[in-house]
Amino acid sequence: MTAGGTGVAPGSTAGAGGSGSPEGGWLRVHPASPFVRGWLALAAIGFFFGRDTFERLLQGGPLVDEQFAGRAPWLLLGGGTVLLLTVLGYVLSWYFTRYQVAEGYVRVNTGVVFKQQRQARLDRVQAIDIVQPLLARIFGLAELRFEVADAGESAVRLAYLRAEEARQLRATILSRAAGVLPDPQRPEAPAVEAPEHAVLTVPPSRLVGSLLLSEQSFFVVLGGAMSVVLSAVTENRSFYFYLIPAALGLVAAYWSSFNKGYNFTAAVSPDGIRLRYGLLDTQAQTLPPGRIQALRVSQPPLWRIFGWYRIQVNVAGYGTSGGSGEGSARTTLLPVGTHAEVLTMLSLVLPDPGTPEPVRIFTAGLTGLADPAGAPGQDADGGFVTTPRRARLLAPLGWRRNGFTATDTALLLRSGRWWRHLVVVPHQRTQSIALQQGPLARRFGVADLVLHTTAGPVSPRLIQAGLDEGRALFDAQSARARAARKRQSSEHWLDQVRQNTSVIEPAEAAQAGDPVPRQPPQTAGSPGEPGQRGPQLEHRQDPYRQEGPQHD
Amino acid sequence: MHSGAIDPPGITWLRVSPKYVTVRLAGWALGNLLLLAVLALPLVFVQAGWWHWPPLWLAVAVPAGMLVLALWRLVLIPRQVRAIGYAERDDDLLIRRGIFFQRTLVVPYGRMQYVDIGAGPVERALGLCTLKLHTASAGTDAEIAGLPDEEGARLREQLSARGEARLAGL
């Protein structure tokens, strides 16, 4: 559609004056990085050997106790040696850690005695994170994490680079991964960071509110009430002491959630969705277009008071969150948001909803409930097909909620009367599908349909669909997934847009007012031309804005 | 030929070798008889007068209950083996299993990351093998056990060729 089709980054002059380009040559991480990473060990060594001396200094006593005068030099010598060896190890590990971004690969060599060479293909990038722990932030350093599709550790971790360098490297990697070739005249020129467009921010007050109203708080209140009642009944005060560690643990858990979710900001750029969050340790994630494998919008019962929702995603490479704070923060697309914000995020993940009225369908998926007396299995609003009435004994509460609907681009599964869930799986992201039926389900003529996606917090499962509907969906879904996969042919997301532009006449696209509706991202013009981008971003969210009143 | 209610209509299922029953029987014997022997120990001790707890009825009831369960599983094995089926369609592979708890799985060829063939000692003695498909999802439990060796090799080549032709990214 624009100059982006030429395969060159036209705006690259803008960043040419920047620091040394990472393209081509082997580079080292910042010299201070081993100390930032290992400061705890250094501090521990210093504390262990220097404690006595330091304490005596504080008390105004002589530097070396007379009693220990004989031993003190040895102690200091030992401490000094250990410290020196540690520092030497750090320096060596720093010296032997080198990285390179060239020819479509990122390569990292590490190790002094046991060497390790690792290379990862740029076009296989699933996500790029820039992480800044507090200490690194103080020194203006940042860690770059490059994820490919294996459910384990990060493929490449570069710790630490200057924050500016890390951002520069991320821009380079993302533009190479998108399929933008380096300028043949000046291959040394660094890629320009794609401009971004802020989408939403979660205010701290809402984050606090969401934590207070979370499931966790419910059990805290319950546990507190029970302790009070127990102590009143047994007239035993002493067991309050046992609550202290529990309370400390709770404070830590709340603090961790607050620290991770603070100042959550989402933005969209041609490189994908950018998420930023963190109070002390900040993290910036970039999810390139089409890398989200599955998505779940959920609402705990108490959040219903304010109409809040949470969005979690499966991204290959992030793996399962495993309950750890950082992991679950990485797979959270929106820690707490309103209905309108949920729709906005959905529009970013699924630029083409595949339906003329996405607002109505997604709203039905979030809050809809089938009419108990309505047509069997057919929800009046949103076209959700729910559990047939005959199986209501299997799920007396949920049978009117459990249901599915398919748009042209994604399958929507909703479930849960109290804990509302809506799972969205894009058709081309389905790995395999299974239909399952136990003896009880067979008696009621229902079956479960399970979609397998990459590891993550979301496990899409359609609960108790009618047998005929389930079987039809099983067939239709494999056909739809097949068709969607055929449309997506390249790992370079800019290539997909190029292919599309060649299929659709530019004039036609312009006339339609919504250029290239099929593939994410429509916005992928040429990096460095913000003028081209703004209006398209506005356009892109159009389908989700049709029913304005529902938003505000 | 068992064909359950949840299978898509119009599929001709290929069945695994009936010899696979022997493999399952061996596995059953190893697992259940060992468990049964361990559970029967208290009975022996109580009878010998070394233990005074548990009471006799409990010492009898636990292994007896276990025995019934084990025999029930034993009776089911031939039917379970007959219920395993797979079908190669143009774009995907269907795998079904189970009688009480049925499951029908569809794996698109383009989604396959790699194919494993393995054989345990009993399987090897009978000339059988187990074929396992891996996709990017850990949830895809696509395993066909009890294939004759040459059928396993044929299927592996076939799947690899088709996977190559229809390869898709994640």
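The values are calculated or read from the model by the stated rules, or taken from the named source; none is laboratory data. Being a predicted model, the structure only gives us computed values, none of them experimental. Cβ atoms come from the backbone with ideal geometry, glycine included; neighbour counts cover every protein chain shown. Each accessible area value is taken on the protein alone, full model and side chains, heavy atoms only, with ligands, DNA and RNA left out. Shrake-Rupley method; radii C 1.70, N 1.55, O 1.52, S 1.80 Å.
Odds and ends about this structure:
- In segment B:103-114, the residue that is farthest from the other protein chains (Cβ to nearest Cβ) out of those that are open to solvent by 10 Å² or more (accessible area, probe 1.4 Å) and in a strand (DSSP E or B) is B:Tyr114.
- Among the residues making up segment B:4-44, a single one is over 17 Å from the mean Cα position of the chain (by Cα) and of a type in the set (Ser, Thr, Tyr): B:Thr12.
- Test for B:Gly65: is it part of a strand (DSSP E or B) and farther than 30 Å from A:Ala149 by Cβ: no
- Matching entry among B:Ala59, B:Ala29, B:Ala70 (being modelled with pLDDT of 90 or more, touching a helix residue (DSSP H, G or I) at 6+ places or on another chain (Cβ under 8 Å), away from chain A (no Cβ under 14 Å) and open to solvent by less than 40 Å² (accessible area, probe 1.4 Å)): B:Ala70
- Filter pass, A:Gln378 being under 20 Å from the mean Cα position of the chain (by Cα) and either modelled with pLDDT of 85 or more or open to solvent by 10 Å² or more (accessible area, probe 1.4 Å) (or both): no
- Members of segment A:453-476 found to be of a type in the set (Gly, Ala, Ser), closer than 23 Å to A:Leu397 by Cβ and open to solvent by 10 Å² or more (accessible area, probe 1.4 Å), listed by number: A:Ser459
- All of A:Leu211, A:Leu222, A:Leu248, A:Leu243 fail the test of being surrounded by fewer than 20 Cβ atoms within 10 Å (Cβ to Cβ), assigned to a helix (DSSP H, G or I) and at pLDDT below 80, apart from A:Leu243.
- Qualifying residue in segment B:73-90 (condition: away from chain A (no Cβ under 14 Å) and free of Cβ contacts under 8 Å to residues at least 40 places away in the same chain): yes
- Taken over segment A:439-477, the criterion of being facing chain B (nearest Cβ under 7 Å) and aromatic (Phe, Trp, Tyr) is satisfied by A:Phe474 alone.
- Within segment A:437-452, the set of residues being within 19 Å of B:Ile95 (Cβ to Cβ) and either open to solvent by less than 10 Å² (accessible area, probe 1.4 Å) or not assigned by TED's automatic domain parsing to the domain that holds A:Leu397 (or both) comprises A:Gln437, A:Ala447, A:Leu449, A:Leu451.
- Hey, A:Ala434 at pLDDT 90 or above, open to solvent by less than 60 Å² (accessible area, probe 1.4 Å) and under 31 Å from the mean Cα position of the chain (by Cα) or not: yes
- Residues considered: A:Thr13, A:Thr2. Of these, the only one that is at pLDDT below 50 and surrounded by 16 or more Cβ atoms within 10 Å (Cβ to Cβ) is A:Thr2.
- Scope segment B:140-170; condition within 14 Å of chain A (Cβ to nearest Cβ) and open to solvent by 40 Å² or more (accessible area, probe 1.4 Å); matching residues: B:Asp141, B:Glu143, B:Arg162, B:Ala165, B:Arg166, B:Leu167
- Cross-chain or 6+ apart pairs with Cβ under 6 Å, segment B:143-169 first and more than 21 Å from B:Arg24 (Cβ to Cβ), then β-branched (Val, Ile, Thr) and surrounded by 18 or more Cβ atoms within 10 Å (Cβ to Cβ): B:Arg156/B:Val115; B:Leu159/B:Val115
- For B:Leu34, the criteria (1) under 23 Å from B:Ala119 (Cβ atoms); (2) open to solvent by less than 70 Å² (accessible area, probe 1.4 Å); (3) hydrophobic (A, V, I, L, M, F, W, C) hold in every case but one, which is (2).
- Pair list, Cβ under 9 Å, 6 or more apart: segment A:404-419 residue on the phi > 0 side of the Ramachandran plot, other residue surrounded by fewer than 19 Cβ atoms within 10 Å (Cβ to Cβ) and not β-branched (Val, Ile, Thr): A:Gly416/A:Leu397
- Among strands (runs of 3 or more DSSP E) entirely within segment A:81-145, having at least 1 residues that are β-branched (Val, Ile, Thr) and not assigned by TED's automatic domain parsing to the domain that holds A:Gly319 singles out A:98-102, A:105-110, A:127-132.
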